[in-house]
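In what follows, a structure is listed as structure tokens, so that the remarks can point back to it.
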Amino acid sequence: HTYAVKFYPRAWKSNPRRYSKLTGDGEPRTIVLTIIQIMLHYARKDSKSSFLFFGSASEGECETNTKRFRFYSRIMREYFDNKTFVHKDSVAKSLYMMLRRTEIESGALQETDVIEFIDTQYE
């Protein structure tokens, strides 16, 4: 029930740096607002849903506390309340987590389990 949000322009599908490149249009909100609408759809459809974002580093940027990570952190807190989701982040990993509060309270989901899974799958 945990969804990792990943997106890039279709034309970059085969590019190994597809998550790190910038579109150059200077306006990420259009893309992110579309992603938020998709997240809202899944949040309503799946009452156990949680969401993750990796803030990939742009070329030449350090992997820690990336510009994308800081942007996602700020905008997700604006659009998703604290009653439904617990907002957590890992600055060291540039990872932003929105964990379903009811899943945490029931013991079905733990932040440490999410981070452990990410560490084994992506590092």
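The values are calculated or read from the model by the stated rules, or taken from the named source; none is laboratory data. Because the structure is predicted, anything quoted here is derived from the model rather than measured. Reconstructed Cβ throughout: ideal geometry from the backbone, glycine too, with neighbour counts over all protein chains shown. Ligands, DNA and RNA are excluded from the accessible area calculation, which covers all protein heavy atoms including side chains. Shrake-Rupley method; radii C 1.70, N 1.55, O 1.52, S 1.80 Å.
Of note:
- Restricting attention to the range 76-123 and to residues that are open to solvent by 30 Å² or more (accessible area, probe 1.4 Å) and assigned to a loop (DSSP other than H, G, I, E, B), the residue that is modelled with the lowest pLDDT turns out to be Glu123.
- Qualifying positions in the range 37-64 - free of Cβ contacts under 8 Å to residues at least 40 places away in the same chain and of a type in the set (Gly, Ala, Ser): Ser56, Ala57, Ser58, Gly60
- Hey, Ser73 within 20 Å of Ile31 (Cβ to Cβ), of a type in the set (Gly, Ala, Ser) and either at pLDDT 95 or above or open to solvent by less than 50 Å² (accessible area, probe 1.4 Å) (or both) or not: yes
- Residue that is surrounded by the fewest Cβ atoms within 10 Å (Cβ to Cβ), among those in the range 31-70 that are of a type in the set (Phe, Trp, Tyr) and at pLDDT 90 or above: Tyr42
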